[in-house]
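S.K.: For reference, the structure I am asking about is given below.
The values are calculated or read from the model by the stated rules, or taken from the named source; none is laboratory data. These numbers were taken from a predicted model, which means no experiment stands behind them. Cβ atoms come from the backbone with ideal geometry, glycine included; neighbour counts cover every protein chain shown.
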Amino acid sequence: MIDTQDMKTKCGFVALIGAPNAGKSTLVNKIVGTKVSIVTHKVQTTRSLIRGIALKGDDQVIFVDTPGIFAPKRRLDRAMVNTAWGGAKDADLVAVLVDARKGVTEQVERILEGVNDIKMPKVLILNKIDLVKRDSLLALAAKVNEIAGFDQTFMVSALNGDHTDDILDYFSDQMPKGPWLYPEDMISDLPMRQLAAEITREKVFLRLHEELPYASTVETEKWEQKPDGSVRIEQVIYVERDSQKMIVLGKNGRSIKAISMAAREELSELVEAKVHLFLFVKVRERWVDDPERYREMGLEFPI
Ligand SMILES: Nc1nc2c(ncn2[C@@H]2O[C@H](COP(=O)(O)OP(=O)(O)O)[C@@H](O)[C@H]2O)c(=O)[nH]1
Ligand SMILES: [Mg+2]
């Protein structure tokens, strides 16, 4: 056994939970300082647990970005919500993010009731303070704390970074003593192939509307380093129906070209090299009921 009591370093997990769109992924990206989790204005963008790793002095704080918690309907929804609560139960500290502009919605209320059953330390983060008046924040903080008791309340804007440093200070202080779990230069535990698939999935979310983002998933099939330093990446966008494939492709391939260009640009930044991106669209009728697709996404397959 290693005696951690005399250790100078601390290391632990902070799970971020909240309703879809509260700003969880934005906050992780802001604190980590790099985009490790994709963000869109649409709900249910994040599907699995994404870990973003931040350093503060001698301490390592591993943020676990979770899918939003909502009333699940489909199997994929259930997998995401289970994953979010599971992430909370494995953490050293749970942070509940609430969109300050939306306040205590029915969805938030249900989450807060669930949070009451969690035994570890809990903090409340009221996010998007750039969108609300200051005086309404105190009332909201009081109201939320009546439903679930929190050890601390923070008020931040994940978007512009207001007070996000305070969060990191507090969390690093609260982490248990112990050795770092990840190397110093690591910012996410997501494998490159999966991160690359997430980037393309973000572009699909941004480009397409209605049910399409939710009917699609992206997987990286091939990743090849070329002798000239460039990278060839092949990815498949899975959809459920032929009609959806037509929409993803778009008239004269316009949509898929736009998705591809946007993804390629960001992938080049990520790998710091020229990227040749090849996107294929495949119809897989019941991918949402296929355990293999869930494994690829890092989700447990709910029976
Ligand atoms: N104005 C404002 N918008 C924010 C803030 N944080 C996140 N957002 C926006 O809220 C939306 C959802 O953010 P996201 O991080 O994907 O939420 P998640 O579903 O909780 O992960 C995106 O359009 C973000 O740009 C904030 O502090 N202020
Ligand atoms: Mg998210």
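S.K.: Restricting to segment 1-55, and then to whatever is among the small types (Gly, Ala, Ser) and more than 9 Å from ligand 1 (Cβ to nearest atom), can you tell me which residue is farthest from the chain's Cα centre (by Cα)? So that I can check it myself, show each step before the final result.
M.R.: In the first step, residues of segment 1-55 are kept if they are among the small types (Gly, Ala, Ser); the result is 12, 15, 18-19, 22-23, 25, 33, 37, 48, 52, 54.
Checking the rest, the ones that are also more than 9 Å from ligand 1 (Cβ to nearest atom) come to 12, 15, 33, 48, 52, 54.
Values: Gly12: 18, Ala15: 11, Gly33: 14, Ser48: 7, Gly52: 9, Ala54: 15 Å.
Among residues in segment 1-55 that are among the small types (Gly, Ala, Ser) and more than 9 Å from ligand 1 (Cβ to nearest atom), the one farthest from the chain's Cα centre (by Cα) is Gly12.
S.K.: Confirm whether Thr45 is at pLDDT 95 or above and either under 22 Å from Leu270 (Cβ atoms) or surrounded by fewer than 24 Cβ atoms within 10 Å (Cβ to Cβ) (or both).
M.R.: Considered against the rule, which asks whether it is at pLDDT 95 or above and either under 22 Å from Leu270 (Cβ atoms) or surrounded by fewer than 24 Cβ atoms within 10 Å (Cβ to Cβ) (or both), Thr45 comes out as no.
S.K.: Looking at segment 173-187, which of its residues are of a type in the set (D, E, K, R) and under 23 Å from Val123 (Cβ atoms)?
M.R.: Looking only at segment 173-187, we keep the residues that are of a type in the set (D, E, K, R), and these are 173, 177, 184-185.
Passing the criteria: Asp173, Lys177.
S.K.: Could you tell me which residue of segment 267-286 is surrounded by the fewest Cβ atoms within 10 Å (Cβ to Cβ), considering only residues that are charged (D, E, K, R) and in contact with a helix residue (DSSP H, G or I) (Cβ under 9 Å, 6 or more places away or on another chain)?
M.R.: We begin by selecting, within segment 267-286, every residue charged (D, E, K, R); these are 269, 272, 274, 282, 284-286.
Still in the list and also in contact with a helix residue (DSSP H, G or I) (Cβ under 9 Å, 6 or more places away or on another chain): 274, 282, 284.
Working: Lys274: 14, Lys282: 11, Arg284: 15.
Filtering segment 267-286 for residues that are charged (D, E, K, R) and in contact with a helix residue (DSSP H, G or I) (Cβ under 9 Å, 6 or more places away or on another chain), the one surrounded by the fewest Cβ atoms within 10 Å (Cβ to Cβ) comes out as Lys282.
S.K.: Please work out if Lys122 is under 21 Å from the mean Cα position of the chain (by Cα), assigned by TED's automatic domain parsing to the domain that holds Lys24 and on the phi > 0 side of the Ramachandran plot.
M.R.: On the way: under 21 Å from the mean Cα position of the chain (by Cα): yes; assigned by TED's automatic domain parsing to the domain that holds Lys24: yes; on the phi > 0 side of the Ramachandran plot: no.
No, not satisfied.
S.K.: Return a yes/no flag: does segment 122-133 have any residue that is in a loop (DSSP other than H, G, I, E, B) and surrounded by fewer than 13 Cβ atoms within 10 Å (Cβ to Cβ).
M.R.: Residues of segment 122-133 in a loop (DSSP other than H, G, I, E, B): 128, 132-133.
From what's left, surrounded by fewer than 13 Cβ atoms within 10 Å (Cβ to Cβ): 133.
Yes: segment 122-133 contains one or more residues that are in a loop (DSSP other than H, G, I, E, B) and surrounded by fewer than 13 Cβ atoms within 10 Å (Cβ to Cβ).
S.K.: Go through the residues of segment 174-183 one by one and say whether even a single one is part of a loop (DSSP other than H, G, I, E, B), without any contact (Cβ under 8 Å) to a residue 24 or more places away in the chain and not assigned by TED's automatic domain parsing to the domain that holds Val96. If you could, list the steps in order and put the result at the bottom.
M.R.: Pass one, segment 174-183, residues part of a loop (DSSP other than H, G, I, E, B): 175-176, 178-183.
Subset that is without any contact (Cβ under 8 Å) to a residue 24 or more places away in the chain: 183.
After this cut, where a residue has to be not assigned by TED's automatic domain parsing to the domain that holds Val96 as well, the list is 183.
Yes, segment 174-183 contains a residue that is part of a loop (DSSP other than H, G, I, E, B), without any contact (Cβ under 8 Å) to a residue 24 or more places away in the chain and not assigned by TED's automatic domain parsing to the domain that holds Val96.
S.K.: A further question on this structure: Would you check if there is a residue in segment 269-283 being in a loop (DSSP other than H, G, I, E, B) and charged (D, E, K, R)?
M.R.: Looking only at segment 269-283, we keep the residues that are in a loop (DSSP other than H, G, I, E, B), and these are 272-274.
Keeping just the survivors that are charged (D, E, K, R) gives 272, 274.
Yes, some residue in segment 269-283 is in a loop (DSSP other than H, G, I, E, B) and charged (D, E, K, R).
S.K.: Now for a separate question. Go through (1) more than 16 Å from ligand 1 (Cβ to nearest atom); (2) touching a Gly at 6+ places or on another chain (Cβ under 7 Å) and name the single condition Asp169 misses.
M.R.: The failed condition is (2).
S.K.: Under 6 Å between Cβ atoms, at least 6 apart or on separate chains: pull out the pairs that start in segment 33-51 with a residue that is touching a residue at least 12 places away in the same chain (Cβ under 8 Å) and end on any residue that is surrounded by fewer than 21 Cβ atoms within 10 Å (Cβ to Cβ) and of a type in the set (Gly, Ala, Ser).
M.R.: The qualifying pairs are Ser48/Gly298.
S.K.: When the residues of segment 170-189 are narrowed to those that are of a type in the set (Ser, Thr, Tyr) and at pLDDT below 95, which ends up surrounded by the fewest Cβ atoms within 10 Å (Cβ to Cβ)? Spell out the reasoning first.
M.R.: First pass over segment 170-189, keeping only residues of a type in the set (Ser, Thr, Tyr): 170, 172, 182, 188.
Now narrow it down to the ones that are at pLDDT below 95: 182, 188.
On the way: Tyr182: 15, Ser188: 22.
Here the residue is Tyr182.
S.K.: Looking at segment 53-107, which of its residues are buried (at least 17 other Cβ atoms within 10 Å of the Cβ), more than 16 Å from ligand 2 (Cβ to nearest atom) and in a loop (DSSP other than H, G, I, E, B)?
M.R.: Passing the criteria: Ala91, Asp92, Ala100.
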